[in-house]
Structure formats: structure tokens, C-alpha cells
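First the structure, in the form of C-alpha cells, and then the observations on it.
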Amino acid sequence: MSAYKAFSTNVEVNGETVISVVEGMGAFKATALRILEDNGISNPGPGKWYPQQAWLDSFEQIAKKVGQATLEQIGMKIPENAIFPPDINNLDKALAAIDVAYHMNHRGGEIGNYKFEKTGNNEIKLICKNPYPCNFDKGIVHSMVNKFKNPGGTVNIIHSDSDDCRNNGDNSCTFFIKYT
């Protein structure tokens, strides 16, 4: 399965998360609201739930009309708007919490996951098995890294160029994160 296709037709995403589309488009908030409305999401707000496929259709429209880089900006807004577990105080916990937060902000069926794997002392492998585009997940990872990296430390995020990529029709993408 590729990006933009929900794993299950019953899945919903909460309004807190949908608001990230609006926030991620900055000065183009009116465009974001119009695209969401074109896909059946009117007046998104906290405490409301929306069909994930409608949200994914909005992502696809944004990618085509505005560009893939905007999807990364939207992803970077997720940690600011979506519900995350408390007590995150370091990079490892932050990246592991992406999966927990993902499940807190979706309901109604198979949504996929974010598999966190510590591969070395300062190395992480994050497999993103979900229907979202690579750039969106890259934005989430960047935002969490920027917020929780060691002060003065460096972080290198690499998107795997293997055949296993949603851009190639697969249902997951892999990021390798190395940090000091």
C-alpha cells in the first residue's frame, strides 16, 4: 500500500492533529482550510474526529498544489498540536513516543505504527508503517529531534533509499537517526 491510502476505511483522526495542516501552511492557512473543506473536513477543531482518508486526500492535494516540502512543515507542527504522552525528557523517549502519540490521535481500525529500534549507543532506526507521505513523517522526526536533542549536540536524519518506501508503493519508510 502506498502513501495517501488509509489502511482501514473506519479510521479517524482527531481535530487536534488535523489542525496541524492549517498551522503547517503558515501564511496559507486559508488555502489549507479550503483544501480540507474540499475533502469533507469543515471547521476542524479539538475534540472532533474526522475520516483519515479525507485527511490523506487533503495531504495528496497539498503535495500536488503546494509541494512536498509543505508536508514536512505540516509534520513539524504535529508535536505542537497533537496529543503526546507526558514525561518525555530525552531524544530516545521522544522518538519512541511517536508511536504512542500516533495511537492516541487515531481510532477506529488498523492505523499502522512507528517502530522504534535502538541500533547503537547513539543510533536509532525508526520504521514508519502508516499511510502518510515520507515528508510528513520526516517533519515529525525533525520536530521531535529539534525539541529533545542534547544542547550543542548534532543529529543526522537519513531517509532510507531502499526499495521499502511509500514513494515506491510500499507501506513503510525507514529513517536512521544518529546523534551526539
Here the gain from full extension of residue 48 to residue 170, 0.36 nm per residue of separation minus their alpha-carbon distance, amounts to 40.9 nm
Any idea what angle helix 91-104 forms with the longest principal axis of the chain, computed on alpha-carbon atoms, 0 to 90 degrees, nearest 10? 30 degrees
Please compute the modelled spin-label separation between residue 158 and residue 10, points set 7 Å along Cα→Cβ, answer in nm with one decimal. 4.1 nm
Rg and Dmax in Å for the range 28-116, alpha carbons only: what are they? 14.2, 39
If every alpha-carbon in the chain counts as one equal scatterer, what log10 I(q)/I(0) does Debye give at q = 0.09, 0.17 1/Å? -0.29, -1.06
In degrees from 0 to 90, rounded to the nearest 10, what is the angle of the helix 15-24 Cα long axis to the longest principal axis of the chain? 80 degrees
In degrees, nearest ten, helix 52-65 long axis to first principal axis of the chain (Cα): 90 degrees
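Full extension from residue 110 to residue 180: what is 0.36 nm times the residue separation minus their Cα-Cα distance, to one decimal in nm?
So the chain would gain 21.7 nm between residue 110 and residue 180.
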In whole angstrom, the spacing between the Cα centers of the range 16-47 and the range 85-144 equals 22 Å
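Too long at a 31 Å Cα-Cα cut-off: which of 64/149; 48/147; 29/118; 29/147; 64/129; 64/125?
Beyond 31 Å between Cα atoms: 64/149; 29/118.
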When the dipole is taken about the Cα centre of the chain, and only Lys, Arg (+1) and Asp, Glu (-1) are charged at their Cβ, what size is it in debye, to the nearest 20? 260 debye
Percentage relative contact order, the chain, counting C-alpha pairs under 8 Å, at least six apart: 27 percent
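The numbers here are math on the coordinates, done by the rules we state, and not lab data. These figures come from a predicted structure and were not determined experimentally. Here Cβ is always computed from backbone atoms with ideal geometry, including for glycine, and neighbour counts include all displayed protein chains.
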